[in-house]
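The values are calculated or read from the model by the stated rules, or taken from the named source; none is laboratory data. These numbers come from a predicted model, not from an experiment. As a convention, Cβ positions derive from the backbone with ideal geometry for all residues, glycine included, and neighbour counts pool all protein chains shown.
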Amino acid sequence: MNLLRKKIGKQGTWPKALLTFLTPLFLIFLFRWVLFEPFVIPSESMVPNLLVHDHIVVKKYSYGIKPPWGDGWIWRYREPQRGDVVVFRFPENRDVFFIKRLIGLPGDELIIQNGQIAVNNKPWSLAPLSENSYSDETIFNYYSESSEDVTSHTIRLFKTYEHLGSEEKKITVPQNSYFVMGDNRDQSQDSRFWGFVPAELLVGQASRVWMSCEETLASAPFICDPFRLRSDRFFKTIK
C-alpha cells in the first residue's frame, strides 16, 4: 500500500512541475504579444524626441490585438491618431521594424514642397532640426532578434539617400494606410521616399523611454554602458 502511494505521489508531481515551468513562460509570451515590447533606437531619424541608444517601450495594445505571428488584426478597437509615434514593419522588408511619426490618416490630402508639409490644407508643424544632426554614414543597417535575447529588437532607421525637390507634390493617403515621417526630417527615410504604411503592419504606439545611454557595450550593442547612462531620460514619455 505504501509503495502504491509513493508511485501515485511521484506521478502527481509531473503535471505540477510542468505547470510551474510553463506558467512563467506563458506569462512572458502573453506580456510581449499583447502588452509591451522593448526596442532600441540606433540613429538620429527621430531627433530631438528620440536619441541614439534610447531604449523604448511600445504599447502593442494601443490600437488592437494582433496575432503573435503574421500580420492583420484579431481585434481592432482604436484608430491611430495624427501625431502618434508608431513602430511598424517596413513594407519592403517585414522582418525590419521602423519608428516614425504618423502624419497622414486614410483619406488625408497632403501637399509637400520645399521640405514643408500641409495636411488637409493646414501646415503641419515639424520639429526643428537638432543643431548637431548630420548624415550618419555608420547607420545601423541590421535587425536583430535572437533566442537568447527575445525581449529586444533594434529598429532600423535609414538615413536620407536624397532630398525631395522643390516641386509641389500632392498625395492622398489611401484607405487602410498611413503616411509617416521622421521628426528629424532631413535625416529620415520615410513615406516621402518609399510610400505608405499598410494598417496591418502597425506594431503599436511608442510609449516611453525607459533607459538611455551615450554608448553601448562593444560586445553587446543592445546593452547600455553603465558608465555612459543618460539618467535624465529615464522613464521619459514619448510625445
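Quick look at the values:
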read-out: Ser188 buried (at least 16 other Cβ atoms within 10 Å of the Cβ), more than 17 Å from Pro42 (Cα to Cα) and among the small types (Gly, Ala, Ser); value: no
read-out: Qualifying positions in region 50-61 - under 17 Å from Leu102 (Cβ atoms) and crowded, with 19+ Cβ neighbours inside 10 Å; value: Leu50, Ile56, Val58, Lys60
read-out: Residue list for region 189-210, filter: among the hydrophobic types (A, V, I, L, M, F, W, C) and touching a Pro at 6+ places or on another chain (Cβ under 9 Å); value: Trp194, Phe196, Val197, Ala199, Leu201, Leu202, Trp210
read-out: Hits in region 181-206 (condition: within 11 Å of Val86 (Cβ to Cβ) and of a type in the set (S, T, N, Q)); value: Gln205
read-out: Qualifying residue in region 164-180 (condition: buried (at least 16 other Cβ atoms within 10 Å of the Cβ), modelled with pLDDT under 90 and part of a strand (DSSP E or B)); value: yes
read-out: Listing of strands (runs of 3 or more DSSP E) fully contained in region 30-114 that carry 1 or more residues being farther than 19 Å from Leu201 by Cα and within 12 Å of the chain's Cα centre (by Cα); value: 54-59
read-out: Options Ala199, Ala206, Ala220: the member that is of a type in the set (A, V, I, L, M, F, W, C) and modelled with pLDDT under 90; value: Ala220
read-out: Candidates Phe227, Phe235, Phe193, Phe222 - the one that is at positive phi and not charged (D, E, K, R); value: Phe235
read-out: Ile28 vs. criteria among the β-branched types (Val, Ile, Thr), at pLDDT below 90 and surrounded by fewer than 20 Cβ atoms within 10 Å (Cβ to Cβ); value: yes
read-out: Every residue from region 210-239 that is closer than 20 Å to Pro80 by Cβ and not hydroxyl-bearing (Ser, Thr, Tyr); value: Ile238, Lys239
read-out: Among residues of region 181-239, those that are part of a loop (DSSP other than H, G, I, E, B) and among the basic types (Lys, Arg), counted; value: 3
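Each row is one residue, and each column tells you yes or no for (1) closer than 21 Å to Ser191 by Cα; (2) among the charged types (D, E, K, R).
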position: Leu50; (1), (2): yes, no
position: Lys60; (1), (2): no, yes
position: Tyr63; (1), (2): yes, no
position: Pro68; (1), (2): no, no
position: Ile74; (1), (2): no, no
position: Glu79; (1), (2): yes, yes
position: Arg82; (1), (2): yes, yes
